[in-house]
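Asker: Below is a structure I'd like to ask you about.
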């Protein structure tokens, strides 16, 4: 998982991204309001871990790009 430069809450998920890396990113936020990604990228996430309705689909985003809308 890599931070997107010049994007405050943007990340790129790759095939090597581990649950531990994802958890470290999530821990930077006090509360995650939603995760914005396209349909293809949404398949990476386990809904049971994130909660209901936390993923917002925006198919204008590239594959494997994630934006986190949260409170620091």
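Asker: Quick check for you: which residues of segment 20-39 have the amide N under 17 Å from the point 7 Å beyond the Cα of residue 1 toward its beta carbon?
Answerer: Residues passing the 17 Å test: 20-38.
Asker: A follow-up question, please. Tell me the volume per residue, in Å³, of the convex hull enclosing the alpha carbons of segment 2-71.
Answerer: Numbers: hull volume 6.1 nm³, N = 70.
Given the Cα convex hull of segment 2-71, per-residue volume reads 87 Å³.
Asker: Tell me what the chain gives for mean residue ellipticity at 222 nm when only DSSP H runs of n ≥ 4 count, each as -39,500 (n - 2.57), the sum divided by the residue total, rounded to 500 deg cm²/dmol. Let's see the in-between values first.
Answerer: Working: 3 runs with 16 residues, N = 72.
Rounded to the nearest 500, it is -4500 deg cm²/dmol.
Asker: Per-residue counts of other Cβ atoms within 10 Å, averaged by peptide: what ranking do you get for 32-44, 55-67, highest first? Mind dumping the intermediate values first?
Answerer: Values: 32-44: 15.9, 55-67: 14.3.
Packing proxy ranking, top to bottom: 32-44, 55-67.
Asker: Kindly work out what percent of the DSSP beta bridges joining two residues of the chain are antiparallel, to the nearest 5.
Answerer: Working: 10 of 13 bridges.
The antiparallel proportion sits near 75 percent.
Since every read-out is calculated from the coordinates, none of them should be taken as a lab result. Bear in mind the structure is a predicted one, so any value in this text is a computation, not a measurement. Using ideal geometry, Cβ is built from the backbone for each residue, glycine included, and neighbour counts are taken over all protein chains shown.
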